[in-house]
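Heads up, the thing below is written out as structure tokens.
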Amino acid sequence: MKKRIVGLLLIAASLSCLGFWEFWGREHFSCEKILVLREDAARNVSVEENMLEIVLMEHPPEDALRADAANEILHMETVQYIPAGTPLFSEYFQDPRLAVGGNSGKYVLSIPNQWLLSYPQTLRRGDTVSFFCGDEMVLSAVVAYARDSSNQEVTSGDDERLKSSGPVSLVEVIVDEEKARKLGKLAEEGKKFVLLYS
């Protein structure tokens with residue numbers, strides 16, 4: 001009789017532990033809150049708060065965006081198609097100022113070195129540069145890429161830009177058709193530009 005009671009108690013304890021794990025333990029010990037999109041998103045879509053959803057996922061990828069990263073991607077633009085419900089990664093998003101193609105009406109323009117008198121070696125992707133021709137500021141544009149002689153993106157090893165991965169030898173900027181035509185016309189006239197950023 002005692003063995004039967006002990007057996008029933010062990011079964012009840014096992015079922016209780018199983019229920020505890022399924023209804024509370026799994027969620028709190030092996031699941032993490034990650035960000036997903038509620039609906040599919042195409043390329044060049046601006047991320048708004050109502051598009052994001054927090055879901056629990058067991059063993060999500062290490063670099064998937066967690067729930068507390070929502071503010072980091074708000075108002076950023078998607079760089080590719082993203083299906084709803086899949087884990088989000090920072091590589092899926094970019095600063096809207098760097099968006100080109102699609103309906104943006106913007107393009108990447110490589111600035112030949114023969115068009116330039118000078119430019120700072122501390123130029124980096126995302127900087128806003130001003131094109132000066134003599135004393136006149138012709139236009140401003142966002143730097144899409146600042147590359148070295150081996151076509152690698154130049155990066156900084158510190159916030160003050162005192163250390164860099166190499167010297168800048170090619171600058172590419174984001175322009176619309178009007179800005180591209182303006183720069184091209186001035187270059188055809190033999191004008192050269194000084195690039196400044198603040």
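The values are calculated or read from the model by the stated rules, or taken from the named source; none is laboratory data. Everything numeric in this text was worked out from a predicted model, so none of it was measured. Methodologically, a virtual Cβ is constructed for each residue, glycine included, from the backbone with ideal geometry; neighbour enumeration extends over all protein chains shown. Just so you know, the surface numbers come from the protein's heavy atoms only, side chains and all, with ligands and any DNA or RNA stripped out. Shrake-Rupley method; radii C 1.70, N 1.55, O 1.52, S 1.80 Å.
Spelling out what I want: for every residue of the stretch 77-93, take phi, set θ = phi - 60°, compute 6.51 cos²θ - 1.76 cosθ + 1.60 (Karplus), and round to whole Hz; glycine and proline get x.
After applying 6.51 cos²θ - 1.76 cosθ + 1.60, I find 10, 6, 9, 7, 5, 10, x, 4, x, 8, x, 9, 10, 4, 5, 7, 10 Hz.
Counting only protein heavy atoms, what percent of the accessible surface of the stretch 47-198 is carbon or sulfur at a 1.4 Å probe?
Using a 1.4 Å probe with all protein chains present, the stretch 47-198 comes out at 50 percent carbon and sulfur.
Mind checking the full-extension length gain between Met137 and Asn113? Use 0.36 nm per residue of separation minus the Cα-Cα distance, one decimal, nm.
Contour length minus the Cα-Cα distance gives 6.8 nm.
Compute the distance from the alpha-carbon center of the stretch 48-88 to that of the stretch 91-162, in whole Å.
28 Å
Amide H to amide H, which residues 5 or more places from Ser169 or on other chains are under 5 Å from it, using H placed in the peptide plane?
So Ser169 has HN proximity to Arg147, Asp148, Ser149.
State, to one decimal in nm, how far the label point of Cys31 lies from the label point of Lys185, with both points 7 Å from Cα in the Cβ direction.
So the label points at Cys31 and Lys185 sit 6.1 nm apart.
Could you provide, to the nearest whole Å², the per residue accessible area of the stretch 68-198 with probe 1.4 Å?
Per-residue value: 57 Å².
Run the reach check for Lys185 against aspartates and glutamates, Cα to Cα strictly under 19 Å, same-chain hits fewer than 8 apart removed. What comes back?
Those aspartates and glutamates meeting the cut-off are Asp135, Glu136, Glu172, Asp176, Glu177.
How large is ³J(HN,Hα), in whole Hz, for each residue of the stretch 150-167 in order, when computed from phi with the Karplus curve 6.51 cos²θ - 1.76 cosθ + 1.60 and θ = phi - 60°, using x for Gly and Pro?
With the stated coefficients, the stretch 150-167 comes to 9, 6, 9, 5, 7, 10, 9, x, 7, 5, 7, 6, 7, 10, 10, 7, x, x Hz.
Where a ≥ b ≥ c are the square roots of the eigenvalues of the C-alpha gyration tensor, would you call the stretch 29-77 rounded, which needs a/c under 1.5, or, failing that, prolate if a/b is larger than b/c, or oblate?
Taking the square roots of the gyration eigenvalues as a ≥ b ≥ c, the stretch 29-77 is prolate.
Ordered by residue, what ³J(HN,Hα) values in Hz, to whole numbers, does the stretch 183-198 give under the Karplus form 6.51 cos²θ - 1.76 cosθ + 1.60, where θ = phi - 60° and Gly and Pro are x?
5, x, 5, 5, 5, 5, 7, x, 6, 10, 10, 10, 9, 10, 9, 10
Across bins of 10 angstrom width beginning at 0, how are the C-alpha pair distances of the stretch 53-119 distributed, in whole percent?
Binned Cα distances yield the sequence 16, 37, 23, 15, 8, 1.
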